[in-house]
1. Name the one entry in Ala122, Ala94, Ala158 that is under 23 Å from the mean Cα position of the chain (by Cα), of a type in the set (A, V, I, L, M) and assigned to a loop (DSSP other than H, G, I, E, B).
2. Starting from region 227-242, keep only residues that are at pLDDT 95 or above and of a type in the set (Phe, Trp, Tyr), then list their pairs with residues that are surrounded by 21 or more Cβ atoms within 10 Å (Cβ to Cβ) and not in a strand (DSSP E or B) whose Cβ atoms are within a distance under 8 Å, requiring at least 6 positions of separation or different chains.
3. Got a sec? Which of Thr404, Thr361, Thr446, Thr400 is part of a loop (DSSP other than H, G, I, E, B) and of a type in the set (Val, Ile, Thr)?
4. May I ask you to list the residues in region 364-423 that are of a type in the set (Val, Ile, Thr) and crowded, with 18+ Cβ neighbours inside 10 Å?
5. Which of the residues spanning region 275-319 are under 15 Å from Val374 (Cβ atoms), among the polar types (S, T, N, Q) and assigned to a loop (DSSP other than H, G, I, E, B)?
6. Scanning for something assigned to a loop (DSSP other than H, G, I, E, B) and closer than 13 Å to Leu33 by Cα, does region 427-434 turn up at least one residue?
7. Out of region 29-77, which residues are among the charged types (D, E, K, R) and in a strand (DSSP E or B)?
Amino acid sequence: MTPVTRSASARRALRAAFIVVASLSLIEPAQALTRVVAKEDAAPTPGGEYKVVRRPAVADSGAEPVAVRTKVRTGSGVTRGVYTEGSASGTEIALDQTPIAGLGGALLRMKGSTREAVALNASGIVVYGSSATGNIDGIFQNGSSQLVALSGDPLPGAVADEELEDFGKPRITDSGTVCFKSTVDNPELSGGGVPVDEVLLCCVGGDTDCSAGTGTATIMAAIDDPVPGGPGTLRVCEFAERIGASDYGITFVAGTSTNCLTYPVGALDGVFRVSFATPGTVDTIALEGEPSALPTNYATFESVPQLNSAGDVAFVSEMSDGQTDAVFLCDGACPTTAANVIVESHDDANQGMGPVIISLTRFAAPDVSDAGDVVFQARIEDPTATPKRALGIYRWNFATNTFTLIAQKGAATGDGGELRRIFFPDISPGGLIAFRAKAKYSKNLTVVFTEP
């Protein structure tokens, strides 16, 4: 895995600019959208029709750049499935109740908390989480015959009978590494006497099957690992369910304390990063109560951070002043220097309209491409517009320090529809954006779009 790098001059230019939306005239108009798949479209399953389309994953994978979890109506009823889709073709990856090879007749059971867990890479490999009959939890790749990990698999480096138990939502890198959170059954105690009952794992190399194949499972971070920053020696006490991953490594939100045995007493949340070059060594990107590049400290981190192949981390923080939230990008100099501010809430942007203030706020779902472009969801507030508040998706361009409006409530879809509700975006390493939306055509439909 070779992480991409950008020039030192480009990084210095970004660090030198305190980047905010000083004028929304810098925001370019909405771009043309491509409709990829929608509720009531024909599914690749014979006789199938999409009944529910969930949040997409996007990759630079050619004709079918989107993967989705769905419900599908067939002649025999409604089932669940995983598909890849493009504007002209689609492929069935897996269906509920499909036999799992090598597990004695166990069947996939896609109903449950992992139902939206799907990821896709540039090679077109899909990974997803699913339970199975026999009280099994698993991470699968492509079809049900290709495993990544199963509950009951031994924990890497186990000294006794520690086993993987329940899995979080998986991510896959363009080189094929699959990363996810796992709880641990029968956990051993750390040197500090803390049960190591959660780990972040990556399955690397071979056939990326760390259950019965030639993949190698690597623990990237574990409960009671030390992290830099804060008062005393902070340790990881709890991991969030979702993580970000790229060919650089992983990023995640975790709860920390100086003593995990008394957690959540003294709890401090933070955004962290671990590279594949140094598994087990955690970088602190941002920490609750610590100074930021704004004149207020970090407070809470509700959105899942994401990182690109250079290790740049995009994240959202609500700030300690109780009034501000912001989108940040931790580039190559961070965390030695504070993460750069891409945009903060309630930036003054009067566009020559006198005292009228137009602003962006309520940021969510940041993601970052390998070029350093950041996509995010935000609400625009414009007293002169109808409606005065509208949820939208925006792209910040690293090279030009400009913003592009990708989609906004009330905007035309370009194919005869109108956007009514917009959900979280994803961006591929190459810069392709995908998102799910509810749109009004002759009827209301849930649609997945890409841009450009």
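1. After ruling out the rest, the residue left standing is Ala122.
2. Short answer, once both residue conditions are applied: Phe239/Gly168; Phe239/Ile223.
3. Residue meeting the stated conditions: Thr400.
4. Within region 364-423, Val368, Val374, Val375, Ile380, Ile393, Thr404, Ile406, Thr413, Ile422 meet the criteria.
5. If the condition is that a residue be under 15 Å from Val374 (Cβ atoms), among the polar types (S, T, N, Q) and assigned to a loop (DSSP other than H, G, I, E, B), then Ser303, Asn308, Ser309 are the ones that fit.
6. Taking every residue of region 427-434 in turn, at least one turns out to be assigned to a loop (DSSP other than H, G, I, E, B) and closer than 13 Å to Leu33 by Cα.
7. Matches in region 29-77: Arg35, Glu49, Lys51, Arg69, Lys71, Arg73.
The values are calculated or read from the model by the stated rules, or taken from the named source; none is laboratory data. Everything quoted here is computed from the prediction, not taken from an experiment. Virtual Cβ from ideal backbone geometry, glycine too; neighbours counted across all protein chains shown.
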